[in-house]
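Notes to accompany the following structure.
Only the coordinates and a few stated rules stand behind these numbers; no lab work does. Bear in mind the structure is a predicted one, so any value in this text is a computation, not a measurement. Here the Cβ is made from the backbone with ideal geometry for all residues, glycine too, and neighbour counts use every protein chain on show.
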Amino acid sequence: MVDDRKRITGTKGRELLGKKIALCITGSVAAMESPRIARDLMRHGAEVVAVLSESASRIVSPDLMEWATGNDVVKEITSKIEHVQLGGRGEDAVDLVLIAPCTANTISKIANGISDTPVTALVSCAIGSRIPIVIAPGMHEPMYDSPLIKRNVQSLRSTGIEFVEPILEEGKAKIAPPESIVKHVIDALSAKSLKGKKFVITAGPTVEHIDPVRVITNRSSGKMGVALAEAALNRGADVTLVYGPGHEPPPAGVKVVKVETTDEMLAALKNEMRSKPDVVIAAAAPADFSAEKPYQTKLDSKEKLEVRLKPTPKIIDIVKKLSNKTKLIAFKAEFGEKEIKKKVRELFEKSRADLVVVNDVSKKGVGFGAETNEVTVYDKSLKSKKFGLAPKREIAEGIIDRIQGLIR
């Protein structure tokens, strides 16, 4: 039976699936964020064990952290030597130690090899076992600015320990937002299998003007393209996102080129093709039609409106013409599955794509605006692999897996 507390595992992505993380909590008021951090780590697939200092236990309840993680909480050093089990080299060892929040006191103890709390004892073992350690400080700003603390931080950085920089405001060095901390953990644990590879990804809709205030567009949100950008980035790729007016915020670390019209997206992609990227993923949904003669002034809403439409340029058709070695992954949204293989074959022939990803947007929970997707990926021989209904981040990981097979 699945523990109800763990049903959220993997609902946002599977980047941390199979990873065990020790979430160490020290005596900062920012410990109130620790349950949320634990739950967000789990949503990306992680197994989380909370380790609390005595001071932390007075701020955030061990019972709350047991609920948040679904696991027993370590709150004291006992004869079970939990710090050695979690921070050692045995089968119960964690894959990463995260200290969030971390006080100035704990930073100084770690830097000077003091192991007098469950947290510092675990970190001492983890350092010796070469387990990755990430620290998210939280304290008053004058303490963070102390030359002594800065020296200790630098000393820890020199051993390979990573820091998630705090936010300096209101006289405090506030702990970084949970989403930033989780992303840092994902980056620290991700295999950089795409390091040195350049990806260009198109995402979102485009808009075509009828008059200065009215447009032709579609319901694309950009969620799928953003999920693909994040998945490639997490594996070490250099990612550029050519982004129409979508609703999903792009991930930090991605170069974003914002566009509005189909012509602008085409021009931006042509510019990015100068660098001969390894992969282009055409996940955008450019408008298929534009007004033949857009009105230059706002039309009166009482007037009868006649608009003559013309097809917009097919953006994906330029990729192979500009760089034959670039791997092209084309997306095709269908409404119903009639003659789908025939349409896929035609797309392969015209665009010379290397993979075609098809989704049927007539299905509930699939495609535009949804948090989930269901796709079938075809190769040039029309062999297919279906990815059933799942969060778009999970679908993105599967697609990136297929792309890695092309560029190895």
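Sequence-ordered 3J(HN,Hα) estimates for region 139-153 from the Karplus curve with 6.51, -1.76 and 1.60 and θ = phi - 60° stand at 6, 6, 4, x, 5, 5, 7, 4, x, 5, 5, 4, 5, 5, 4 Hz, glycine and proline given as x.
Per residue, the convex hull around the alpha carbon atoms of region 147-203 comes to 149 Å³. Backbone amide hydrogens, once placed in the peptide plane, bring residue 163 within less than 5 Å of 135, excluding anything fewer than 5 places away on its chain. For the options 18, 70, 27, a Gaussian network treatment of the chain with springs between C-alpha atoms closer than 10 Å singles out 18 as fluctuating the most. Computed over region 268-328, the range of Cα coordinates on each principal axis works out to 52, 17, 16 Å, biggest value leading. Over region 1-131, the ratio between the Cα radius of gyration and 2.2 N^0.38 Å evaluates to 0.99.
So what is log10(I(q)/I(0)) for region 57-97 at q = 0.16, 0.24, 0.28, 0.30 1/Å, when the Debye sum runs over its Cα atoms only? With no solvent term, the Cα-only Debye profile gives -0.48, -0.93, -1.04, -1.06. Footprinting exposure proxy ranking of 235, 157, fewest other C-beta atoms within 10 angstrom first, gives 157, 235.
For the chain, what's the relative contact order in percent, using C-alpha pairs closer than 8 Å and at least 6 residues apart? Answer for the chain is 11 percent. Stick to Cα atoms and the Kirkwood definition of Rh, then tell me Rg/Rh for region 198-407. Expressed as Rg/Rh, it is 0.98.
Would you calculate, for the chain, the mean residue ellipticity at 222 nm contributed by helices, counting each DSSP H stretch of 4 or more residues as -39,500 (n - 2.57) and dividing by all residues, to the nearest 500?
My calculation for the chain gives -9000 deg cm²/dmol from helical runs alone.
The ranking of 364, 12, 392, 320 from fewest to most other beta carbons within 10 Å of each one's beta carbon is 364, 320, 12, 392. This model, with +1 at the C-beta of Lys and Arg and -1 at the C-beta of Asp and Glu, gives region 198-407 a dipole about its Cα centre of some 600 debye.
Considering only 370, 50, 284, the mean-square fluctuation computed in a Gaussian network model of the chain, springs between alpha carbons under 10 angstrom, is largest for 370.
Near the amide H of residue 327, within less than 5 Å, lie the amide hydrogens of 279, 280, all on another chain or at least 5 residues away, with H placed in the peptide plane. Taking every alpha-carbon pair in the chain and binning the separations at 20 Å intervals from zero gives 25, 45, 26, 4, 0 percent. Give the long-range amide H neighbours of residue 366: residues separated by 5 or more places, or on another chain, with amide H under 5 Å away, using H modelled in the peptide plane at 1.01 Å from N. Amide H neighbours of residue 366, under 5 Å, 5+ apart: none.
Taking the DSSP beta bridges in region 4-189 as the whole, what percent of them are antiparallel, to the nearest 5? Each step should come with its number before you reach the end.
Numbers: 5 of 22 bridges.
In region 4-189, approximately 25 percent of DSSP beta bridges are antiparallel ones.
Looking at this model, which pairs from 150/192; 198/327; 223/343 are more than 18 angstrom apart at the alpha-carbon? In this structure, 150/192; 223/343 exceed 18 Å between Cα atoms. When peptides 78-89, 286-297 are sorted by average Cβ neighbour count within 10 Å, with the highest value leading, the order is 78-89, 286-297.
Taking 1.306 mPa s as the viscosity and 10 °C as the temperature, the Stokes-Einstein diffusion coefficient of region 102-203 based on its alpha-carbon Kirkwood radius rounds to 105 µm²/s.
Using a Debye calculation, one point per C-alpha and no hydration shell, please list log10 I(q)/I(0) for region 244-348 at q = 0.20, 0.24 Å⁻¹ in order. Log10 I(q)/I(0), no solvent term: -1.20, -1.41. Relative to the longest principal axis of the Cα atoms of the chain, the long axis of helix 392-407 makes an angle of roughly 80 degrees.
Comparing 183, 310, 302 in a Gaussian network model of the chain where C-alpha atoms under 10 Å apart are linked, the largest mean-square fluctuation is found at 302.
Return the percentage of antiparallel bridges among DSSP beta bridges fully within the chain, rounded to the nearest 5 %.
If I count the DSSP bridges inside the chain, around 30 percent turn out antiparallel.
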